[in-house]
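Below is one structure, written out as C-alpha coordinates; the observations come after it.
The values are calculated or read from the model by the stated rules, or taken from the named source; none is laboratory data. Model, not experiment: these values are computed from the prediction. We place every Cβ from the backbone using ideal geometry, glycine too, and count neighbours over all the protein chains shown. What goes into the accessible areas is simple: the full protein's heavy atoms, side chains included, and nothing from ligands, DNA or RNA. Shrake-Rupley method; radii C 1.70, N 1.55, O 1.52, S 1.80 Å.
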Amino acid sequence: MIDFHTHPLLVREMWEKHPDLRRITREIFFLNSAPQPLEVFLRELHVAGLERAVLLPIDVSTTKGCQIYSNAQIAELCQMSDRFVGFASVDPHREDAANELEHAIKHLGLRGLKLVPPSQEFYPNDQKLAYPIYERAQNLGVPIVFHAGMSWEPHAKAKYGSPMHLEDVACDFPGLNIVIAHLGWPWVEEAVMLAIKYPNVYLDTAALYFDNPWEFLTFVMTKRLPLTLFERSLRHKLIFGSNYPRAEIRSMAKAIRELGLCADCLELVFAGNAERILGGRGREPLKQAVDSGTLRNGNR
Amino acid sequence: MKIKLEMVELQTQKGMELIDITQEVERVVTESGVRDGIVNIMSKHTSTGIIVTEGIWCVEQDILDHLEKLAPEKGDYHHNRPLDFAGRLGFNAHAHLKSVLTGYTAFFPIQQGQLILGGAQRIYFAEYDGPLSRTYCVQVLGE
(Lines give C-alpha, C1' and ligand atoms only; values in the text may rest on other atoms or scores of the structure.)
Protein backbone atom coordinates (compact mmCIF):
# COMPACT_ATOMS: atom_id res chain seq x y z
CA MET A 1 0.00 0.00 0.00
CA ILE A 2 1.49 3.29 -1.08
CA ASP A 3 0.82 7.01 -1.09
CA PHE A 4 1.96 8.10 -4.54
CA HIS A 5 1.94 11.85 -3.94
CA THR A 6 3.74 13.41 -0.97
CA HIS A 7 6.09 16.35 -0.48
CA PRO A 8 8.46 15.83 2.46
CA LEU A 9 8.63 19.53 3.20
CA LEU A 10 8.04 19.55 6.93
CA VAL A 11 10.64 16.98 7.99
CA ARG A 12 12.42 18.68 10.88
CA GLU A 13 15.65 16.69 10.48
CA MET A 14 15.98 17.97 6.91
CA TRP A 15 15.32 21.58 7.98
CA GLU A 16 18.13 21.24 10.50
CA LYS A 17 20.53 19.90 7.88
CA HIS A 18 19.40 22.26 5.12
CA PRO A 19 18.20 25.52 6.73
CA ASP A 20 17.06 27.05 3.42
CA LEU A 21 14.25 24.47 3.28
CA ARG A 22 12.36 26.57 5.82
CA ARG A 23 12.28 29.61 3.52
CA ILE A 24 11.56 27.47 0.49
CA THR A 25 8.67 25.75 2.24
CA ARG A 26 7.20 29.03 3.46
CA GLU A 27 7.80 31.35 0.54
CA ILE A 28 8.08 29.18 -2.56
CA PHE A 29 5.89 26.16 -1.82
CA PHE A 30 3.61 28.35 0.35
CA LEU A 31 3.01 26.06 3.30
CA ASN A 32 3.03 27.52 6.80
CA SER A 33 2.63 24.42 8.94
CA ALA A 34 5.21 23.67 11.64
CA PRO A 35 8.07 21.24 10.96
CA GLN A 36 7.68 17.79 12.46
CA PRO A 37 10.09 14.94 13.22
CA LEU A 38 10.43 12.34 10.49
CA GLU A 39 8.62 9.97 12.82
CA VAL A 40 5.41 11.95 12.30
CA PHE A 41 5.52 11.26 8.54
CA LEU A 42 5.97 7.54 9.22
CA ARG A 43 3.22 7.53 11.83
CA GLU A 44 0.90 9.24 9.33
CA LEU A 45 1.51 6.38 6.91
CA HIS A 46 0.93 3.83 9.65
CA VAL A 47 -2.33 5.38 10.84
CA ALA A 48 -3.50 5.51 7.21
CA GLY A 49 -2.73 1.80 6.81
CA LEU A 50 -0.02 2.40 4.22
CA GLU A 51 3.55 1.15 4.05
CA ARG A 52 5.28 3.45 1.59
CA ALA A 53 5.25 6.96 0.19
CA VAL A 54 6.52 8.50 -3.03
CA LEU A 55 8.51 11.66 -2.26
CA LEU A 56 8.21 14.41 -4.85
CA PRO A 57 10.59 17.35 -5.31
CA ILE A 58 10.09 20.33 -7.63
CA ASP A 59 12.99 21.91 -9.49
CA VAL A 60 12.19 25.58 -9.98
CA SER A 61 15.76 26.76 -10.49
CA THR A 62 14.93 29.06 -13.39
CA THR A 63 11.63 30.49 -12.20
CA LYS A 64 12.26 30.74 -8.44
CA GLY A 65 16.01 30.28 -8.07
CA CYS A 66 15.77 27.18 -5.92
CA GLN A 67 14.74 23.56 -5.71
CA ILE A 68 11.83 22.50 -3.53
CA TYR A 69 14.02 19.62 -2.40
CA SER A 70 16.88 18.73 -4.69
CA ASN A 71 17.22 15.26 -6.11
CA ALA A 72 20.16 14.69 -3.77
CA GLN A 73 18.04 15.72 -0.78
CA ILE A 74 15.31 13.30 -1.83
CA ALA A 75 17.93 10.55 -2.08
CA GLU A 76 19.24 11.56 1.34
CA LEU A 77 15.78 11.27 2.85
CA CYS A 78 15.24 7.89 1.20
CA GLN A 79 18.36 6.71 3.03
CA MET A 80 16.61 7.54 6.30
CA SER A 81 13.73 5.12 5.74
CA ASP A 82 13.16 2.20 3.40
CA ARG A 83 9.49 3.20 3.29
CA PHE A 84 10.25 6.06 0.91
CA VAL A 85 10.34 5.91 -2.88
CA GLY A 86 12.13 8.95 -4.22
CA PHE A 87 11.29 10.75 -7.43
CA ALA A 88 13.44 13.31 -9.21
CA SER A 89 12.57 16.70 -10.62
CA VAL A 90 14.42 18.58 -13.33
CA ASP A 91 14.12 22.11 -14.65
CA PRO A 92 12.89 21.96 -18.26
CA HIS A 93 14.52 25.34 -18.95
CA ARG A 94 17.96 23.87 -18.38
CA GLU A 95 19.73 22.27 -21.29
CA ASP A 96 21.10 19.47 -19.11
CA ALA A 97 17.68 18.50 -17.76
CA ALA A 98 17.56 15.11 -19.47
CA ASN A 99 21.07 14.29 -18.27
CA GLU A 100 20.11 15.37 -14.75
CA LEU A 101 17.19 12.98 -14.88
CA GLU A 102 19.38 10.12 -16.02
CA HIS A 103 21.85 10.86 -13.24
CA ALA A 104 19.07 10.89 -10.64
CA ILE A 105 17.69 7.58 -11.83
CA LYS A 106 20.95 5.74 -12.40
CA HIS A 107 23.10 7.14 -9.63
CA LEU A 108 20.77 8.44 -6.93
CA GLY A 109 18.36 5.53 -7.10
CA LEU A 110 15.27 7.64 -7.80
CA ARG A 111 12.32 5.96 -9.47
CA GLY A 112 10.37 8.57 -11.41
CA LEU A 113 10.07 12.22 -12.38
CA LYS A 114 7.89 15.05 -11.06
CA LEU A 115 7.13 18.07 -13.20
CA VAL A 116 5.01 21.05 -12.16
CA PRO A 117 4.31 23.12 -15.27
CA PRO A 118 2.57 26.01 -13.43
CA SER A 119 5.56 26.55 -11.11
CA GLN A 120 8.17 25.73 -13.72
CA GLU A 121 6.33 27.88 -16.27
CA PHE A 122 6.28 25.68 -19.32
CA TYR A 123 3.61 24.05 -21.41
CA PRO A 124 3.92 20.27 -21.19
CA ASN A 125 3.56 19.91 -24.95
CA ASP A 126 6.45 22.28 -25.65
CA GLN A 127 8.46 20.03 -27.95
CA LYS A 128 11.69 21.96 -27.81
CA LEU A 129 11.78 22.39 -24.06
CA ALA A 130 10.22 19.23 -22.71
CA TYR A 131 10.32 16.45 -25.28
CA PRO A 132 14.00 15.55 -24.72
CA ILE A 133 13.12 14.95 -21.07
CA TYR A 134 10.17 12.74 -21.96
CA GLU A 135 12.26 10.78 -24.41
CA ARG A 136 14.87 10.13 -21.74
CA ALA A 137 12.23 9.16 -19.18
CA GLN A 138 10.69 6.79 -21.68
CA ASN A 139 14.07 5.21 -22.39
CA LEU A 140 14.79 4.90 -18.68
CA GLY A 141 11.39 3.31 -18.10
CA VAL A 142 10.32 5.72 -15.35
CA PRO A 143 6.93 7.40 -14.94
CA ILE A 144 6.31 11.14 -14.87
CA VAL A 145 3.91 12.70 -12.38
CA PHE A 146 2.60 15.94 -13.86
CA HIS A 147 1.01 18.48 -11.61
CA ALA A 148 -2.27 19.40 -13.26
CA GLY A 149 -4.97 21.92 -12.46
CA MET A 150 -4.84 24.50 -9.71
CA SER A 151 -1.63 25.24 -7.79
CA TRP A 152 -1.41 26.75 -4.32
CA GLU A 153 2.02 28.25 -4.95
CA PRO A 154 2.04 32.03 -5.55
CA HIS A 155 2.40 33.05 -9.19
CA ALA A 156 1.88 29.47 -10.39
CA LYS A 157 -0.61 29.96 -13.19
CA ALA A 158 -3.20 27.35 -14.03
CA LYS A 159 -2.85 28.02 -17.76
CA TYR A 160 0.19 25.73 -17.74
CA GLY A 161 -1.72 23.08 -15.79
CA SER A 162 -4.48 22.13 -18.18
CA PRO A 163 -4.51 18.35 -18.64
CA MET A 164 -5.26 18.93 -22.32
CA HIS A 165 -1.60 19.87 -22.87
CA LEU A 166 -0.79 16.30 -21.89
CA GLU A 167 -2.66 14.73 -24.77
CA ASP A 168 0.22 15.45 -27.14
CA VAL A 169 2.62 13.88 -24.67
CA ALA A 170 0.49 10.78 -24.17
CA CYS A 171 0.15 10.40 -27.90
CA ASP A 172 3.77 11.09 -28.84
CA PHE A 173 5.28 8.94 -26.07
CA PRO A 174 3.12 5.82 -25.89
CA GLY A 175 5.78 4.02 -23.86
CA LEU A 176 5.87 6.70 -21.17
CA ASN A 177 3.61 6.32 -18.16
CA ILE A 178 2.04 9.65 -17.25
CA VAL A 179 0.30 10.34 -13.96
CA ILE A 180 -2.01 13.34 -13.98
CA ALA A 181 -1.90 14.61 -10.41
CA HIS A 182 -4.76 16.04 -8.36
CA LEU A 183 -7.36 14.55 -10.72
CA GLY A 184 -6.52 17.61 -12.79
CA TRP A 185 -9.01 19.68 -10.79
CA PRO A 186 -10.86 21.72 -11.90
CA TRP A 187 -10.44 19.98 -15.28
CA VAL A 188 -11.45 16.59 -13.95
CA GLU A 189 -13.45 15.53 -16.98
CA GLU A 190 -10.56 16.35 -19.31
CA ALA A 191 -8.16 14.37 -17.11
CA VAL A 192 -10.59 11.45 -16.96
CA MET A 193 -11.00 11.55 -20.71
CA LEU A 194 -7.26 11.18 -21.22
CA ALA A 195 -7.05 8.34 -18.69
CA ILE A 196 -9.89 6.50 -20.41
CA LYS A 197 -8.44 6.94 -23.88
CA TYR A 198 -4.69 6.54 -23.44
CA PRO A 199 -3.27 3.32 -21.98
CA ASN A 200 -0.29 5.23 -20.59
CA VAL A 201 -2.26 7.89 -18.66
CA TYR A 202 -3.09 7.52 -14.97
CA LEU A 203 -4.73 9.78 -12.37
CA ASP A 204 -3.75 10.38 -8.77
CA THR A 205 -6.28 11.27 -6.11
CA ALA A 206 -4.27 14.01 -4.39
CA ALA A 207 -7.07 16.53 -4.79
CA LEU A 208 -8.50 18.77 -2.09
CA TYR A 209 -9.48 22.33 -2.92
CA PHE A 210 -12.56 23.07 -0.82
CA ASP A 211 -14.60 21.66 2.07
CA ASN A 212 -12.82 18.63 3.53
CA PRO A 213 -11.42 15.39 2.05
CA TRP A 214 -14.69 13.47 2.37
CA GLU A 215 -16.86 16.24 0.97
CA PHE A 216 -14.50 17.19 -1.83
CA LEU A 217 -13.73 13.69 -3.09
CA THR A 218 -17.33 12.58 -2.70
CA PHE A 219 -18.45 15.56 -4.76
CA VAL A 220 -15.86 15.09 -7.50
CA MET A 221 -15.91 11.29 -7.70
CA THR A 222 -19.57 10.50 -7.05
CA LYS A 223 -21.58 13.60 -7.97
CA ARG A 224 -19.72 15.50 -10.63
CA LEU A 225 -18.86 12.17 -12.21
CA PRO A 226 -20.41 8.82 -11.32
CA LEU A 227 -18.41 6.53 -9.07
CA THR A 228 -19.12 3.76 -11.56
CA LEU A 229 -16.83 5.54 -13.99
CA PHE A 230 -13.88 5.06 -11.64
CA GLU A 231 -15.01 1.59 -10.59
CA ARG A 232 -15.57 0.23 -14.08
CA SER A 233 -13.45 2.25 -16.48
CA LEU A 234 -10.56 3.58 -14.43
CA ARG A 235 -9.88 0.98 -11.79
CA HIS A 236 -6.52 0.24 -13.40
CA LYS A 237 -5.74 3.92 -13.84
CA LEU A 238 -6.46 5.48 -10.46
CA ILE A 239 -3.64 5.78 -7.92
CA PHE A 240 -3.95 6.94 -4.34
CA GLY A 241 -2.11 10.14 -3.50
CA SER A 242 -2.64 12.46 -0.53
CA ASN A 243 -0.60 15.59 -1.32
CA TYR A 244 0.73 15.38 2.25
CA PRO A 245 1.42 17.67 4.06
CA ARG A 246 -1.14 19.95 2.43
CA ALA A 247 -3.59 17.29 3.57
CA GLU A 248 -3.14 14.51 6.10
CA ILE A 249 -2.55 11.07 4.59
CA ARG A 250 -4.99 9.42 6.99
CA SER A 251 -7.81 11.82 6.09
CA MET A 252 -7.32 11.43 2.34
CA ALA A 253 -7.02 7.64 2.58
CA LYS A 254 -10.15 7.42 4.69
CA ALA A 255 -12.05 9.58 2.23
CA ILE A 256 -11.09 7.35 -0.70
CA ARG A 257 -11.92 4.18 1.23
CA GLU A 258 -15.37 5.53 2.11
CA LEU A 259 -16.39 6.44 -1.43
CA GLY A 260 -17.95 3.05 -2.00
CA LEU A 261 -15.39 1.49 -4.35
CA CYS A 262 -15.28 -2.31 -4.13
CA ALA A 263 -12.45 -4.08 -2.32
CA ASP A 264 -10.71 -5.19 -5.52
CA CYS A 265 -10.79 -1.67 -6.89
CA LEU A 266 -9.39 -0.24 -3.66
CA GLU A 267 -6.55 -2.76 -3.79
CA LEU A 268 -5.64 -1.48 -7.22
CA VAL A 269 -5.93 2.17 -6.19
CA PHE A 270 -3.81 1.78 -3.06
CA ALA A 271 -1.31 -0.78 -4.34
CA GLY A 272 -1.61 -2.56 -7.66
CA ASN A 273 -1.59 0.37 -10.04
CA ALA A 274 1.34 2.09 -8.37
CA GLU A 275 3.31 -1.14 -8.14
CA ARG A 276 2.77 -1.70 -11.82
CA ILE A 277 4.20 1.59 -12.98
CA LEU A 278 7.01 1.52 -10.42
CA GLY A 279 7.87 -2.08 -10.94
CA GLY A 280 9.92 -2.03 -14.10
CA ARG A 281 7.04 -2.96 -16.34
CA GLY A 282 6.57 0.64 -17.31
CA ARG A 283 6.21 0.02 -21.00
CA GLU A 284 4.06 -3.05 -20.77
CA PRO A 285 0.74 -2.30 -22.42
CA LEU A 286 -2.13 -2.28 -19.98
CA LYS A 287 -4.10 -5.03 -21.68
CA GLN A 288 -1.05 -7.27 -21.74
CA ALA A 289 -0.48 -6.67 -18.05
CA VAL A 290 -4.08 -7.52 -17.24
CA ASP A 291 -4.01 -10.61 -19.41
CA SER A 292 -0.76 -11.85 -17.94
CA GLY A 293 -2.06 -11.40 -14.40
CA THR A 294 0.64 -8.97 -13.35
CA LEU A 295 -2.02 -6.58 -12.07
CA ARG A 296 -3.02 -7.53 -8.58
CA ASN A 297 -6.74 -8.20 -8.35
CA GLY A 298 -7.04 -7.09 -11.91
CA ASN A 299 -10.68 -7.86 -12.44
CA ARG A 300 -11.77 -7.30 -15.97
CA MET B 1 9.89 32.27 45.31
CA LYS B 2 11.13 29.70 42.83
CA ILE B 3 9.72 29.55 39.32
CA LYS B 4 10.65 26.69 37.03
CA LEU B 5 9.31 26.26 33.53
CA GLU B 6 9.88 23.14 31.45
CA MET B 7 8.71 22.46 27.91
CA VAL B 8 7.95 18.79 27.36
CA GLU B 9 7.76 17.42 23.83
CA LEU B 10 5.88 14.24 23.10
CA GLN B 11 5.10 12.28 19.98
CA THR B 12 1.48 11.28 19.67
CA GLN B 13 0.67 8.08 17.83
CA LYS B 14 -2.95 8.28 16.70
CA GLY B 15 -5.60 10.65 15.41
CA MET B 16 -7.17 10.81 18.85
CA GLU B 17 -5.70 9.51 22.09
CA LEU B 18 -5.15 10.27 25.75
CA ILE B 19 -1.58 10.10 27.02
CA ASP B 20 -1.00 9.89 30.77
CA ILE B 21 1.56 12.56 31.68
CA THR B 22 1.18 12.37 35.48
CA GLN B 23 4.65 10.95 36.09
CA GLU B 24 6.23 13.56 33.84
CA VAL B 25 4.54 16.36 35.79
CA GLU B 26 5.66 14.78 39.07
CA ARG B 27 9.21 14.59 37.77
CA VAL B 28 9.27 18.30 36.95
CA VAL B 29 7.86 19.13 40.39
CA THR B 30 10.46 16.98 42.14
CA GLU B 31 13.33 18.43 40.12
CA SER B 32 12.17 21.99 40.83
CA GLY B 33 12.88 21.59 44.54
CA VAL B 34 9.66 23.42 45.40
CA ARG B 35 8.20 22.17 48.67
CA ASP B 36 5.01 24.27 48.83
CA GLY B 37 3.40 25.93 45.83
CA ILE B 38 1.47 25.13 42.70
CA VAL B 39 2.08 23.57 39.31
CA ASN B 40 0.43 24.67 36.08
CA ILE B 41 0.23 22.46 33.02
CA MET B 42 -0.60 23.98 29.65
CA SER B 43 -0.78 22.59 26.12
CA LYS B 44 0.70 24.90 23.47
CA HIS B 45 -1.78 23.79 20.80
CA THR B 46 -5.35 24.52 19.75
CA SER B 47 -6.22 20.99 18.69
CA THR B 48 -5.17 19.22 21.91
CA GLY B 49 -6.25 19.33 25.52
CA ILE B 50 -5.17 18.75 29.09
CA ILE B 51 -7.61 16.48 30.93
CA VAL B 52 -7.81 15.23 34.49
CA THR B 53 -9.82 12.06 34.95
CA GLU B 54 -9.80 8.54 36.31
CA GLY B 55 -6.95 6.48 34.95
CA ILE B 56 -8.70 3.44 33.53
CA TRP B 57 -9.04 2.50 29.88
CA CYS B 58 -12.86 2.43 29.81
CA VAL B 59 -13.16 6.00 31.07
CA GLU B 60 -10.48 7.10 28.60
CA GLN B 61 -12.39 5.48 25.74
CA ASP B 62 -15.74 6.90 26.86
CA ILE B 63 -14.27 10.39 26.92
CA LEU B 64 -12.89 10.08 23.41
CA ASP B 65 -16.12 8.54 22.11
CA HIS B 66 -18.26 11.23 23.70
CA LEU B 67 -16.08 14.03 22.38
CA GLU B 68 -16.43 12.50 18.91
CA LYS B 69 -20.22 12.63 19.30
CA LEU B 70 -20.10 16.26 20.40
CA ALA B 71 -17.68 17.38 17.70
CA PRO B 72 -17.63 14.74 14.94
CA GLU B 73 -14.80 14.69 12.44
CA LYS B 74 -17.26 14.83 9.57
CA GLY B 75 -19.28 17.73 10.91
CA ASP B 76 -20.46 20.74 8.94
CA TYR B 77 -17.90 23.40 9.82
CA HIS B 78 -17.05 26.86 8.51
CA HIS B 79 -13.39 25.92 9.01
CA ASN B 80 -13.60 23.46 6.07
CA ARG B 81 -12.08 25.88 3.59
CA PRO B 82 -8.77 26.99 2.11
CA LEU B 83 -6.81 29.07 4.61
CA ASP B 84 -5.11 31.83 2.66
CA PHE B 85 -2.40 32.22 5.30
CA ALA B 86 -1.58 28.53 5.58
CA GLY B 87 -1.33 27.10 2.08
CA ARG B 88 -3.77 24.33 2.91
CA LEU B 89 -7.32 23.67 4.02
CA GLY B 90 -8.41 23.78 7.63
CA PHE B 91 -10.55 20.71 7.96
CA ASN B 92 -9.75 20.02 11.62
CA ALA B 93 -12.50 22.09 13.25
CA HIS B 94 -13.57 19.00 15.17
CA ALA B 95 -10.16 18.95 16.87
CA HIS B 96 -10.36 22.65 17.78
CA LEU B 97 -13.84 22.13 19.23
CA LYS B 98 -12.72 19.15 21.30
CA SER B 99 -9.86 21.27 22.56
CA VAL B 100 -12.27 24.01 23.61
CA LEU B 101 -14.56 21.48 25.29
CA THR B 102 -11.83 19.95 27.40
CA GLY B 103 -9.62 22.97 27.97
CA TYR B 104 -5.90 23.31 27.59
CA THR B 105 -4.71 23.72 31.20
CA ALA B 106 -4.72 22.13 34.62
CA PHE B 107 -3.22 23.07 37.98
CA PHE B 108 -2.44 21.25 41.20
CA PRO B 109 -1.19 22.28 44.62
CA ILE B 110 2.19 21.10 45.85
CA GLN B 111 2.64 20.23 49.51
CA GLN B 112 5.88 19.01 51.02
CA GLY B 113 7.31 18.49 47.58
CA GLN B 114 4.43 16.26 46.46
CA LEU B 115 1.69 16.87 43.92
CA ILE B 116 -1.72 16.80 45.62
CA LEU B 117 -3.80 14.46 43.47
CA GLY B 118 -7.11 12.76 44.24
CA GLY B 119 -6.92 8.98 44.50
CA ALA B 120 -8.41 8.46 41.05
CA GLN B 121 -6.98 11.50 39.34
CA ARG B 122 -4.51 11.24 36.47
CA ILE B 123 -3.30 14.01 34.20
CA TYR B 124 -3.62 13.43 30.46
CA PHE B 125 -2.40 15.13 27.35
CA ALA B 126 -5.27 14.75 24.88
CA GLU B 127 -4.49 14.50 21.17
CA TYR B 128 -7.36 15.35 18.81
CA ASP B 129 -5.52 15.80 15.51
CA GLY B 130 -2.54 13.46 15.57
CA PRO B 131 -0.17 11.91 15.03
CA LEU B 132 2.04 14.93 15.60
CA SER B 133 4.93 16.13 17.69
CA ARG B 134 3.37 18.17 20.52
CA THR B 135 4.59 20.38 23.32
CA TYR B 136 3.12 21.18 26.71
CA CYS B 137 4.63 23.31 29.46
CA VAL B 138 4.86 22.57 33.13
CA GLN B 139 5.47 25.58 35.35
CA VAL B 140 6.21 25.15 39.04
CA LEU B 141 5.88 28.12 41.41
CA GLY B 142 6.58 28.12 45.16
CA GLU B 143 9.07 27.99 47.98
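Taking residue A:138 as meeting all but one of (1) closer than 23 Å to residue A:26 by Cα; (2) surrounded by fewer than 23 Cβ atoms within 10 Å (Cβ to Cβ), write down the number of the exception.
(1)
Going by the structure shown, is residue B:90 in contact with a helix residue (DSSP H, G or I) (Cβ under 7 Å, 6 or more places away or on another chain) and open to solvent by less than 20 Å² (accessible area, probe 1.4 Å)? Write out each step before concluding.
Values: in contact with a helix residue (DSSP H, G or I) (Cβ under 7 Å, 6 or more places away or on another chain): no; open to solvent by less than 20 Å² (accessible area, probe 1.4 Å): yes.
Answer is no for this residue.
Return yes or no: is residue B:50 away from every other protein chain (no Cβ under 14 Å) and in contact (Cβ under 8 Å) with a residue 60 or more places away in the chain? Can you show your working first?
Values: away from every other protein chain (no Cβ under 14 Å): yes; in contact (Cβ under 8 Å) with a residue 60 or more places away in the chain: yes.
So residue B:50 fits the description; yes.
So, residue A:96, is that one surrounded by fewer than 21 Cβ atoms within 10 Å (Cβ to Cβ) and away from chain B (no Cβ under 11 Å) or not? So that I can check it myself, show each step before the final result.
Values: surrounded by fewer than 21 Cβ atoms within 10 Å (Cβ to Cβ): yes; away from chain B (no Cβ under 11 Å): yes.
Criteria met by residue A:96.
Within region A:1-36, can you find the residues that are charged (D, E, K, R) and open to solvent by 20 Å² or more (accessible area, probe 1.4 Å)? Break it down stepwise before answering.
Going residue by residue through region A:1-36, those that are charged (D, E, K, R) are A:3, A:12-13, A:16-17, A:20, A:22-23, A:26-27.
The answer is A:12, A:13, A:16, A:17, A:20, A:22, A:23, A:26, A:27.
Just one of B:19, B:56 is more than 13 Å from residue B:125 (Cα to Cα) and open to solvent by 20 Å² or more (accessible area, probe 1.4 Å); which is it?
Values: B:19 fails: more than 13 Å from residue B:125 (Cα to Cα).
Only one candidate passes the filter, namely B:56.
Which of the following residues is at the interface with chain A (Cβ under 8 Å from one of its Cβ atoms) and farther than 13 Å from residue A:211 by Cβ: B:91, B:107, B:85? Quick ask: steps written out before the conclusion?
Values: B:91 fails: farther than 13 Å from residue A:211 by Cβ; B:107 fails: at the interface with chain A (Cβ under 8 Å from one of its Cβ atoms).
Selected residue: B:85, the only one of B:91, B:107, B:85 that is at the interface with chain A (Cβ under 8 Å from one of its Cβ atoms) and farther than 13 Å from residue A:211 by Cβ.
Okay, residues lined up against (1) out of contact with any helix residue (DSSP H, G or I) (no Cβ under 6 Å at 6 or more places or on another chain); (2) closer than 17 Å to residue A:149 by Cβ; (3) free of Cβ contacts under 8 Å to residues at least 24 places away in the same chain:
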| site | (1), (2), (3) |
| --- | --- |
| A:179 | yes, yes, no |
| A:191 | no, yes, no |
| A:208 | no, yes, no |
| A:245 | yes, no, no |
| A:253 | yes, no, no |
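Step by step: first the residues of region A:52-74, then only those that are more than 16 Å from residue A:10 (Cα to Cα) and of a type in the set (A, V, I, L, M), then the one that is most open to solvent (accessible area, probe 1.4 Å). Which residue is that?
From region A:52-74, those more than 16 Å from residue A:10 (Cα to Cα) are A:52, A:59-66, A:71-72; that's our starting set.
Applying the additional criterion that residues be of a type in the set (A, V, I, L, M) yields A:60, A:72.
Numbers: A:60: 2, A:72: 60 Å².
Only one residue fits best here, namely A:72.
Regarding residue A:109, is this residue surrounded by fewer than 21 Cβ atoms within 10 Å (Cβ to Cβ) and in contact (Cβ under 8 Å) with a residue 12 or more places away in the chain?
Numbers: surrounded by fewer than 21 Cβ atoms within 10 Å (Cβ to Cβ): yes; in contact (Cβ under 8 Å) with a residue 12 or more places away in the chain: yes.
Yes; evaluated as a whole, the condition is true for this residue.
Quick check on this structure: which one of A:16, A:51, A:44, A:76 is out of contact with any helix residue (DSSP H, G or I) (no Cβ under 9 Å at 6 or more places or on another chain) and either of a type outside the set (Ser, Thr, Tyr) or more than 24 Å from residue B:46 (Cα to Cα) (or both)? I'd like the intermediate steps shown before the answer.
Details: A:51 fails: out of contact with any helix residue (DSSP H, G or I) (no Cβ under 9 Å at 6 or more places or on another chain); A:44 fails: out of contact with any helix residue (DSSP H, G or I) (no Cβ under 9 Å at 6 or more places or on another chain); A:76 fails: out of contact with any helix residue (DSSP H, G or I) (no Cβ under 9 Å at 6 or more places or on another chain).
Step by step, each of A:16, A:51, A:44, A:76 is checked, and only A:16 is out of contact with any helix residue (DSSP H, G or I) (no Cβ under 9 Å at 6 or more places or on another chain) and either of a type outside the set (Ser, Thr, Tyr) or more than 24 Å from residue B:46 (Cα to Cα) (or both).
Which ones in region A:194-228 are away from chain B (no Cβ under 12 Å), of a type in the set (Ser, Thr, Tyr) and open to solvent by 10 Å² or more (accessible area, probe 1.4 Å)?
A:198, A:222, A:228
Would you kindly identify the strands (runs of 3 or more DSSP E) lying entirely within region B:24-143 that contain at least 1 residues that are of a type in the set (Phe, Trp, Tyr)? Please lay out each step first, then the result.
On the way: elements: B:37-43, B:48-54, B:105-111, B:121-127, B:133-142.
Because the criterion is at least 1 residues that are of a type in the set (Phe, Trp, Tyr), the strands (runs of 3 or more DSSP E) in region B:24-143 that meet it are B:105-111, B:121-127, B:133-142.
Within the set of pairs 6+ apart or on separate chains, which have a first residue in region B:114-143 that is under 12 Å from residue B:13 (Cα atoms) and within 14 Å of chain A (Cβ to nearest Cβ), a second that is modelled with pLDDT under 95 and part of a strand (DSSP E or B), and C-beta atoms under 7 Å apart?
From region B:114-143, no pairs qualify.
Return yes when residue B:4 is away from chain A (no Cβ under 14 Å), farther than 22 Å from residue B:120 by Cα, open to solvent by 30 Å² or more (accessible area, probe 1.4 Å) and in contact with a strand residue (DSSP E or B) (Cβ under 6 Å, 6 or more places away or on another chain) and no when it is not. Outline the logic, then answer.
Values: away from chain A (no Cβ under 14 Å): yes; farther than 22 Å from residue B:120 by Cα: yes; open to solvent by 30 Å² or more (accessible area, probe 1.4 Å): yes; in contact with a strand residue (DSSP E or B) (Cβ under 6 Å, 6 or more places away or on another chain): yes.
Considered against the rule, which asks whether it is away from chain A (no Cβ under 14 Å), farther than 22 Å from residue B:120 by Cα, open to solvent by 30 Å² or more (accessible area, probe 1.4 Å) and in contact with a strand residue (DSSP E or B) (Cβ under 6 Å, 6 or more places away or on another chain), residue B:4 comes out as yes.
Quick one: how many residues across region A:85-119 are assigned to a loop (DSSP other than H, G, I, E, B) and small (Gly, Ala, Ser)? Steps first, please.
Taking region A:85-119 as the starting set, the residues that turn out to be assigned to a loop (DSSP other than H, G, I, E, B) are A:87, A:89-96, A:107-112, A:116.
If we keep only those that are small (Gly, Ala, Ser) as well, we get A:89, A:109, A:112.
Result for region A:85-119: 3.
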